[in-house]
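Just so it is clear, none of the values below were taken in a lab; they were calculated from the coordinates. Keep in mind the model is a prediction, meaning the values are calculated, not measured. Every residue, glycine among them, receives a Cβ derived from its backbone with ideal geometry; neighbour counts consider all protein chains shown.
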Amino acid sequence: MTQRIYIAGPMTGYPDHNFPAFCEAAKRFREAGWEVVNPAENFGGDTSLPREAYMRCNIAAIAQCDAIAMLPGWQNSRGATLERDVAIECGLALYDATTMQCLWRPDVTPCDTSR
């Protein structure tokens, strides 16, 4: 069965909403055999909707995944921090979106919330 991973990271205040970083991470994980949920691909790239529309969609998508991959700078993003917290509470594995290294799995290591 193919594993499903959600890409999380900062968008607000970044050029092109940081879409290039999201798409690069999605490509890496797809090439490794993952099914990827990339929020930069949602809504056809439309960035004009209210924040809550995106967050509702993203939180629902996370609940359908097996893991979450965190892009650099996620710690300074309200949305990405919330997405990470939801993922951990739902028992998803946590990956670094750049290195693809598994940072935490609920069945192996206690979560280090300082990451």
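Mind checking which residues of region 1-13 are in contact (Cβ under 8 Å) with a residue 12 or more places away in the chain and part of a loop (DSSP other than H, G, I, E, B)?
Of everything in region 1-13, those that are in contact (Cβ under 8 Å) with a residue 12 or more places away in the chain and part of a loop (DSSP other than H, G, I, E, B) turn out to be T2, Q3, G9, P10, M11, T12.
Give P39, P72 a once-over and let me know the one that is closer than 12 Å to A25 by Cβ and either of a type in the set (D, E, K, R) or surrounded by 15 or more Cβ atoms within 10 Å (Cβ to Cβ) (or both).
Values: P72 fails: either of a type in the set (D, E, K, R) or surrounded by 15 or more Cβ atoms within 10 Å (Cβ to Cβ) (or both).
So the residue among P39, P72 that is closer than 12 Å to A25 by Cβ and either of a type in the set (D, E, K, R) or surrounded by 15 or more Cβ atoms within 10 Å (Cβ to Cβ) (or both) is P39.
Show the residue pairs meeting these rules: Cβ distance below 8 Å; 6+ apart or different chains; first residue within region 35-57 and over 14 Å from T12 (Cβ atoms) and in contact (Cβ under 8 Å) with a residue 40 or more places away in the chain; second residue surrounded by 15 or more Cβ atoms within 10 Å (Cβ to Cβ) and among the acidic types (D, E).
Partner pairs satisfying both residue conditions: none exist.
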